[in-house]
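Computed from the coordinates by the stated procedures, all read-outs in this text should not be read as laboratory data. On a predicted model such as this, the values are computed, not experimentally measured, just so you know. Reconstructed Cβ throughout: ideal geometry from the backbone, glycine too, with neighbour counts over all protein chains shown.
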Amino acid sequence: MERTLVILKPGCLQRGLVGEVISRFEKRGLKLVAMKMVQLTDEILDVHYAHLKEKPFFPWLRDGMKAAPVILCCWEGYSAVQVVRDMAGATRASKAVPGTIRGDFSMSAQENIVHTSDSLENATIELDRFFVESDYCDYISPLDSYKYAPDEM
Ligand code: IDP
Ligand code: MG
């Protein structure tokens, strides 16, 4: 099973969408295996968004991500990285398809509700950035056989 990082951004928290967004991942069948609420800092954002550091909007992005706490979640499931990415929708939310999280709850390229890892390799790197081994909860999901075929578990 794959694991991926979701960050519920400050706007998600402030707009009261935390439950709605988590509910979507739950209903899809993903398993929540770690979660915590933190205040992000410049230091961690410089690393997390290093690929955007030269962009003119980077200072605004960093300020937006520090404007309130965020909620870090690790979701586990079959093909979880792509499933979660598809559920989030396009980065530029004004173009995101209705039915996606961004397409239903946001208008902005910056203020777009969630961060989701973009590859399995980056998911591992990002999860290690925010979680330590003891943050993960190991528990049985008794409904897995109703969610998956044997070769998908
Ligand atoms: P992603 O979040 O869909 O993976 P990335 O290109 O990795 O998109 O960008 C990370 C974050 O940076 C976006 O979620 C968004 O908040 C912000 N961002 C990306 N492109 C723009 C832009 O053109 N204007 C403003 N903010 C942007
Ligand atoms: Mg990205």
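Identify the residue in the stretch 40-75 that is among the aromatic types (Phe, Trp, Tyr) and within 17 Å of the chain's Cα centre (by Cα) and, among all such residues, is farthest from residue 21 (Cα to Cα). Step through it out loud before you land on a result.
As a first pass, look at the stretch 40-75 and keep what is among the aromatic types (Phe, Trp, Tyr): 49, 57-58, 60, 75.
Adding the requirement that they be within 17 Å of the chain's Cα centre (by Cα) leaves 49, 75.
Values: 49: 22, 75: 12 Å.
The extreme case among them is 49.
Among all residue pairs at least 6 apart or on different chains, which show Cβ distances below 7 Å where the first residue, located in the stretch 42-68, is closer than 22 Å to residue 123 by Cβ and more than 12 Å from ligand 2 (Cβ to nearest atom) and the second is of a type outside the set (Gly, Ala, Ser) and in a loop (DSSP other than H, G, I, E, B)?
Short answer, once both residue conditions are applied: 46/53; 65/9; 65/40.
From the list 71, 140, which one is away from ligand 2 (no atom under 14 Å from the Cβ) and in contact with a strand residue (DSSP E or B) (Cβ under 7 Å, 6 or more places away or on another chain)?
Step by step, each of 71, 140 is checked, and only 71 is away from ligand 2 (no atom under 14 Å from the Cβ) and in contact with a strand residue (DSSP E or B) (Cβ under 7 Å, 6 or more places away or on another chain).
How many residues are over 12 Å from the mean Cα position of the chain (by Cα) and either free of Cβ contacts under 8 Å to residues at least 12 places away in the same chain or within 22 Å of residue 45 (Cα to Cα) (or both) when one looks only at the stretch 105-118?
Final tally of qualifying residues: 5.
Take the stretch 34-56 and flag every residue that is within 22 Å of residue 75 (Cβ to Cβ) and touching a Leu at 6+ places or on another chain (Cβ under 9 Å).
Matches in the stretch 34-56: 34, 35, 36, 37, 38, 45, 48, 49.
Within the set of pairs 6+ apart or on separate chains, which have a first residue in the stretch 71-92 that is in contact (Cβ under 8 Å) with a residue 60 or more places away in the chain, a second that is part of a loop (DSSP other than H, G, I, E, B) and polar (S, T, N, Q), and C-beta atoms under 7 Å apart?
81/117; 81/119
Taking the stated definitions as given, is residue 85 farther than 21 Å from residue 43 by Cβ, within 16 Å of ligand 2 (Cβ to nearest atom), in contact with a Ser or Thr (Cβ under 6 Å, 6 or more places away or on another chain) and among the basic types (Lys, Arg)? Working first, answer last.
Details: farther than 21 Å from residue 43 by Cβ: yes; within 16 Å of ligand 2 (Cβ to nearest atom): yes; in contact with a Ser or Thr (Cβ under 6 Å, 6 or more places away or on another chain): yes; among the basic types (Lys, Arg): yes.
In short, yes.
Looking at the stretch 85-107, is at least one residue more than 21 Å from residue 14 (Cβ to Cβ), within 11 Å of ligand 1 (Cβ to nearest atom) and out of contact with any helix residue (DSSP H, G or I) (no Cβ under 9 Å at 6 or more places or on another chain)?
Within the stretch 85-107 (the criterion being more than 21 Å from residue 14 (Cβ to Cβ), within 11 Å of ligand 1 (Cβ to nearest atom) and out of contact with any helix residue (DSSP H, G or I) (no Cβ under 9 Å at 6 or more places or on another chain)), the answer is yes, since at least one residue qualifies.
So is residue 53 among the basic types (Lys, Arg) and under 30 Å from residue 153 (Cβ atoms) or not?
No: the conditions fail for residue 53.
Scan 108, 119, 79 and give me the residue that is at positive phi and surrounded by fewer than 15 Cβ atoms within 10 Å (Cβ to Cβ).
79 is the lone residue from the list that is at positive phi and surrounded by fewer than 15 Cβ atoms within 10 Å (Cβ to Cβ).
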